[in-house]
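The values are calculated or read from the model by the stated rules, or taken from the named source; none is laboratory data. These figures come from a predicted structure and were not determined experimentally. Note: ideal-geometry Cβ built from the backbone for every residue, glycine included; neighbour counts use all protein chains shown. Heavy atoms of the whole protein, side chains included, go into the accessibility calculation; ligands, DNA and RNA do not. Shrake-Rupley method; radii C 1.70, N 1.55, O 1.52, S 1.80 Å.
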Amino acid sequence: MYTATKTESEILKILNQNEPLEKQKIIEEICKIKIKDSAVTPKNIQNALEGCIAKGFAASADGGKFKITEEGKKQL
C-alpha cells in the first residue's frame with residue numbers, strides 16, 4: 001500500500017474539488033498554494049502527478065485531463 005507525499009496530497013485535494021483537470025491547470029493551482037516553498041517547481045509537480053498516477057491515486061480522463069480515483073480519495 002502506498003501513501004501520498006505532501007505534493008501528491010495537494011494534487012489530490014485539487015482533483016477532489018475540481019476534477020477533471022488538465023496537467024497545466026494542476027501545476028498552476030499547486031504553484032498558487034506552494035508559492036512560498038521554493039523547492040516546489042513545475043517539474044516537481046509534474047513528477048508528483050505522475051506519482052499519483054503510478055500509485056493509483058489519479059487516472060487519465062477524457063481530453064488529456066486527470067481525475068482522482070477512489071484510492072486517491074482514501075489518501076485525503
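Here are some notes:
- Every residue from region 66-76 that is under 17 Å from LEU21 (Cα atoms) and either surrounded by fewer than 17 Cβ atoms within 10 Å (Cβ to Cβ) or not hydroxyl-bearing (Ser, Thr, Tyr) (or both): PHE66, LYS67, ILE68, GLU70, GLY72, LYS73
- For beta carbons closer than 8 Å, sequence separation of 6+ or different chains, a first residue in region 1-28 that is within 19 Å of LYS74 (Cα to Cα) and in contact (Cβ under 8 Å) with a residue 60 or more places away in the chain and a second that is open to solvent by 80 Å² or more (accessible area, probe 1.4 Å) and hydrophobic (A, V, I, L, M, F, W, C), the qualifying pairs are SER9/LEU76; LEU12/LEU76; LYS13/LEU76; ASN16/LEU76.
- Scanning region 38-47 turns up at least one residue that is at pLDDT 90 or above and not aromatic (Phe, Trp, Tyr).
- Extreme residue, least open to solvent (accessible area, probe 1.4 Å), among residues of region 29-65 that are of a type in the set (A, V, I, L, M, F, W, C) and free of Cβ contacts under 8 Å to residues at least 12 places away in the same chain: ALA59
- Filter result for LYS55 (under 19 Å from MET1 (Cα atoms) and either out of contact with any Lys or Arg (no Cβ under 7 Å at 6 or more places or on another chain) or not aromatic (Phe, Trp, Tyr) (or both)): yes
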